[in-house]
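Structure, as C-alpha cells:
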Amino acid sequence: MTTVRFFASLASRPAEDVALCDDERTLRYGELLPAVDRLATRLRAEGVCVLATQIDNGLDWAVVDLAALRAGIVHVPVPSFFMPEQLRHVVAAAGADALLTGAESPGGATLGLGVTKVPLRLTRLGVPTAALHPGTAKVTFTSGTTGTPKGVCLSSDAMLAVAEGIASALQPLGVRRHLCALPLPVLLENIAGLYAPLFAGATAVVLPQIDTGLKGSSTFDPLPLQRAVERHAADSVIVLPQMLRLWAGWRQANATSLPTQGTLKLVAVGGAAVGETVLAHARGVGLPAYEGYGLSEAGSVQTLNLPGADRPGSAGRALPHAQLRVRADGEIEVGGALMLGYVGGAAHSDPWWPSGDLGHVDADGFVHVTGRRKNVLITGYGRNVSPEWVETALQSQPEIAVATVFGDGEPALWAVLWPSALGSTAEAVERAVARANASLPDYARVARWVRAALPFGVTTGLATANGRPRRGAVLVHGSTLLARPQSLSSIERNPMHRNDTAEPVFARLRRATAAARQQLIAAPIIQGALAGHVSLASYVAFLTEAYHHVRHTVPLLRACRERLPARLDWMRPALDEYIDEEAGHDAWILDDIAAAGGDAAAVRDGPAAPATEIMVAYAYDTIARRNPVGFLGMVHVLEGTSVDLALAAADRIQAGLGLPDNAFSYLRSHGTLDREHTAHFEQLVNALDDPQDTEALIHAARMFYALYGDVFRSLPMPQVVPRPAAVLPEAA
C-alpha cells in the first residue's frame with residue numbers, strides 16, 4: 001500500500017535531515033514521526049473522526065495533516081481566507097465533528113503540538129453528520145467555475161500515489177528544498193508541495209502566507225516570494241499563472257538587484273492555462289517555469305513539462321501515476337489515482353473520469369488542453385471556438401493581466417479585460433490585443449473589448465480561487481467601453497457599458513416592493529422562527545415546500561433563458577451560471593429532511609401544498625405567456641429573503657430544536673451563496689433598459705412576495721405565545 005510505503009520512507013530517512021522548516025524552526029526526520037504520532041494519539045483519544053482545520057501555512061499545518069493521515073482521521077482543510085459563512089458551509093457539508101483553529105479563536109480546548117510557538121484550539125462539534133465514502137482520508141473542495149464547490153473524497157493511497165509519481169518524475173532534477181507558496185489547503189500544494197518532497201526525503205519550507213506574498217486568494221506581492229526563495233535557497237516552487245506573470249514582471253524591473261546565480265530548478269505552474277509567451281518571458285528573467293495540468297478529482301497533478309521533456313504551450317506528458325485519453329468528441333479523460341466520489345454523491349468506481357476539458361495528445365505524448373467543453377462558443381458563422389485558447393493569447397501580452405472572451409452566436413468575438421500596469425491606457429491595450437490577434441486565425445480574433453469594472457478575484461466574485469473566470473459574473477460586471485467596435489452588437493446595446501443618471505433598476509425594484517417585502521416578513525411563522533419559536537413539524541413542513549419549489553428552479557431558469565428575446569441575448573451567460581449553481585439544491589433539502597427525522601422519500605414522491613403549486617405555476621406562466629424577465633422577480637424574492645433571514649433563522653431554529661448541523665445545509669448554504677448572488681443580481685437587472693422589462697420585473701416581484709407569503713402562511717404553526725412583529729431594515 002502506498003500509505004504504508006510513505007510512512008516507512010519517513011522512518012528510513014537520516015534522522016538529522018530536515019523534513020520541515022520555517023524562518024525560525026526546523027523539524028528533522030528523526031523528530032517528524034514522533035511528533036506526528038503524539039498528535040495522532042491525542043486526536044484518537046479525543047474521539048475525533050472528521051477534523052476540519054483553518055490554520056495558516058506552517059509546521060503545525062503539516063504535522064496536523066500527517067497526524068490525521070496516520071490516525072485514519074478524515075481531514076477537511078479550509079483555506080485561512082474563507083469567511084465564517086464559508087467555513088460553516090464546508091464544515092456542515094463534510095460533517096466534521098471537530099474544528100482546529102488558531103488559539104485566538106473562541107471556545108474549545110488548546111492543543112499543543114510540540115512544534116508550534118502558540119497552541120491551537122480544538123473545538124468539538126458533535127457527532128459526524130455526513131456520510132462520507134468508505135476509505136475517505138481527505139475532503140477537498142473544488143473551486144470550479146461556480147459558487148457551489150463540491151467536496152471531493154480522496155483516499156490516502158490515491159493521494160500518496162500522486163505524490164510518489166511526482167517525486168519519481170522530479171528525482172533527476174535533484175530537488176532538495178521545496179518552498180510552499182500556495183495555501184496548503186489547496187490540494188495541489190498539499191500533495192505536490194508537502195507529500196512529494198517528504199516522499200523524496202527532501203525539505204518542505206512551510207512559511208506563513210504573508211511571507212510568500214499571497215494575500216487571501218487573489219492578491220499577490222512578488223517581493224516576499226523572491227526573498228523567501230533566496231533566504232531558503234529553494235529548488236522548487238508552485239505558482240498560479242497570474243503569480244508567474246507578476247513575479248516575472250517584478251524580476252524584469254529589478255534585474256540589477258537579483259542574485260547572479262539563483263537556486264531554482266523548477267517553477268511549476270498550474271491552475272489555468274499559461275501560454276508560451278508568458279513562459280518564455282519567465283524563463284528569460286531566470287524563472288525555470290514549466291506548465292502542468294490536473295484535477296482535484298484525480299488527486300491534483302496529472303501532467304507536467306520538465307527539463308528535457310518540455311513542449312511550451314502544452315501541459316506536459318503524463319506523470320507515472322496518471323493515465324490520459326481523449327474521446328472521439330475531444331474531451332480529455334483521466335485515470336489512475338481517482339477520487340472515491342463527491343460528498344453526498346454516488347461512489348465513483350469507473351477507472352476513467354471525464355475532465356470536462358477539451359484537447360488532444362500529440363505524437364510525442366504531450367497533452368494540449370484547448371478549453372472547457374461547456375464554454376465552447378459557436379460564432380454567428382458556425383465556427384467552434386474555445387474561449388480559453390483566445391484568452392491565453394491575450395493574457396500572454398504583458399499589458400493584459402486577465403481576459404475573458406465571449407461571442408456565442410455573434411459575428412465576432414469580444415473580451416472583458418483587466419489590464420496590467422503596462423496597459424494603463426486604451427492605446428496600450430489596443431496594441432496588445434492586435435498582437436494577440438496576429439497569432440490567431442481570423443475566426444478566433446477579438447473584434448472589440450471592454451475594461452472590467454472590478455479586478456478579477458474571489459472577493460469581487462469574478463474569479464475562482466485558482467484564477468479561472470466566473471463567466472456570468474464577468475459579463476455582468478464588464479463596463480467602460482474603451483475601444484469602439486465597427487458594428488453594433490449586444491455589447492454596445494447592453495447599458496452596463498454606459499453611464500445612466502436615472503434611478504438604477506435594482507434601487508427602484510427595492511423601493512417599489514418594500515411594502516410587499518415587509519408583509520412577507522411579518523408572516524407569523526417567520527416571526528416565530530426569528531424568535532426561536534418553531535416546532536419540528538413546522539420546520540420539516542417548511543423544508544417540504546422548499547423542496548417542491550426548489551426542484552423547479554433549474555427548469556424555470558432554462559425556460560426563462562430560452563424565452564428571452566434576441567435583444568436580451570447578453571443575459572444568457574448570467575442565466576447559465578445561475579443554472580450551474582442551482583443544480584442539485586433540491587437534493588440538499590431532502591438530506592436536511594432526513595437529518596431532521598422526516599421522511600425524505602415521502603416528500604420527494606408526494607405533492608406540494610396548493611400555495612406552493614400556485615407560486616410555481618405563476619412562474620411558468622410568467623415565462624410562457626408574459627415577459628420572461630418577470631421570472632427574475634421570483635429570483636429576487638427568494639434570494640433576497642434568504643439573505644435577510646436564512647442564516648439567523650437557521651441558528652435560532654437549531655438552538656430551539658437541538659438538531660444536528662446537517663439538518664440545515666439548505667438554509668445555511670443558501671444564506672451564504674445568495675449574498676453573492678444578490679450582488680450579481682443587482683448588476684444584472686441594472687442592465688435592463690426597456691421600461692416594459694422593468695415594469696414586468698416589479699409586477700412579478702410584488703406577486704411573488706404575496707405568493708411566497710401564502711406558502712409560509714400555509715405551514716403548521718407551533719403552539720407558542722406570539723410576539724410583536726419585527727421590522728427588518730432595508731438591505732443595502
- Task: Taking only protein heavy atoms into account and a 1.4 Å probe, give the accessible area per residue of the stretch 509-608 in Å².
- Result: 38
- Task: Scan the chain and report its longest stretch carrying no GluC sites (Glu not before Pro) that are both in a DSSP loop and have at most 14 other Cβ atoms within 10 Å.
- Result: 105-729
- Task: Rounded to whole Å and ordered largest first, report the semi-axes of the equivalent ellipsoid of the stretch 354-427 derived from its Cα gyration tensor (root of 5λ).
- Result: 25, 18, 9
- Reference-scaled alpha-carbon Rg (2.2 N^0.38 Å with N residues) for the stretch 1-45: 1.26
- Note on the structure: Non-local residues with an amide H under 5 Å from the amide H of Gly356, with H modelled 1.01 Å from N and Pro and chain starts lacking one, are Ile332
- Note on the structure: Computed over the stretch 213-269, the distribution of all Cα-Cα distances in 10 Å bins, rounded to whole %, is 22, 62, 16, 0
- Item | Mean ellipticity per residue at 222 nm, deg cm²/dmol - from DSSP H runs of n ≥ 4 across the chain, formula -39500 (n - 2.57) | -12500 deg cm²/dmol
- Item | Under 12 Å, Cβ to Cβ, from Val540 - net charge with Lys/Arg +1 and Asp/Glu -1 | -3
- Task: May I have the convex hull volume per residue, in Å³, for the Cα set of the stretch 254-316?
- Result: 98
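For the stretch 535-629, what is the convex hull volume of the alpha-carbon atoms per residue, in Å³?
On the way: hull volume 9.0 nm³, N = 95.
Taking the convex hull of the Cα positions in the stretch 535-629, it is 95 Å³ per residue.
So what's the net charge close to Ala98: Lys and Arg +1, Asp and Glu -1, counting the other residues with Cβ under 11 Å from its Cβ? Numbers along the way, then the final one.
Values: positive: Arg121, Arg124; negative: Glu46, Asp97.
Charge balance in the 11 Å sphere: 0.
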- Message: Residue by residue through the stretch 268-283, what is 3J(HN,Hα) from phi via Karplus (6.51 cos²θ - 1.76 cosθ + 1.60, θ = phi - 60°)? Round to whole Hz and write x for glycine and proline.
- Response: 7, 10, x, x, 6, 5, 10, x, 4, 5, 5, 4, 5, 4, 4, 5
- Dipole moment magnitude, nearest 20 debye, the chain about Cα centre, only Lys, Arg, Asp, Glu C-beta charged: 540
- Task: Would you work out which of Ala587, Ala559, Gly597 lies farthest towards the positive end of the dipole of the stretch 530-602? Charges go on Cβ: Lys and Arg +1, Asp and Glu -1.
- Result: Ala559
- When the accessible area of the chain is split by element with a 1.4 Å probe, what percent falls to carbon and sulfur? 55
- Task: Give me the compactness ratio for the chain, meaning the Cα radius of gyration over 2.2 N^0.38 Å.
- Result: 0.98
- Calculate I(q)/I(0) for the stretch 297-390 by the Debye formula, one identical point scatterer on each C-alpha and no solvent, and give its log10 at q = 0.18, 0.21, 0.24 Å⁻¹ to two decimals. -0.88, -1.08, -1.24
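The values are calculated or read from the model by the stated rules, or taken from the named source; none is laboratory data. The shown structure was predicted, so the numbers you read here are calculated from the model rather than taken from an experiment. Cβ: placed from backbone, ideal geometry, glycine included. Neighbour counts: every protein chain shown. SASA here: full protein model, heavy atoms, side chains in, ligands and nucleic acids out. Shrake-Rupley method; radii C 1.70, N 1.55, O 1.52, S 1.80 Å.
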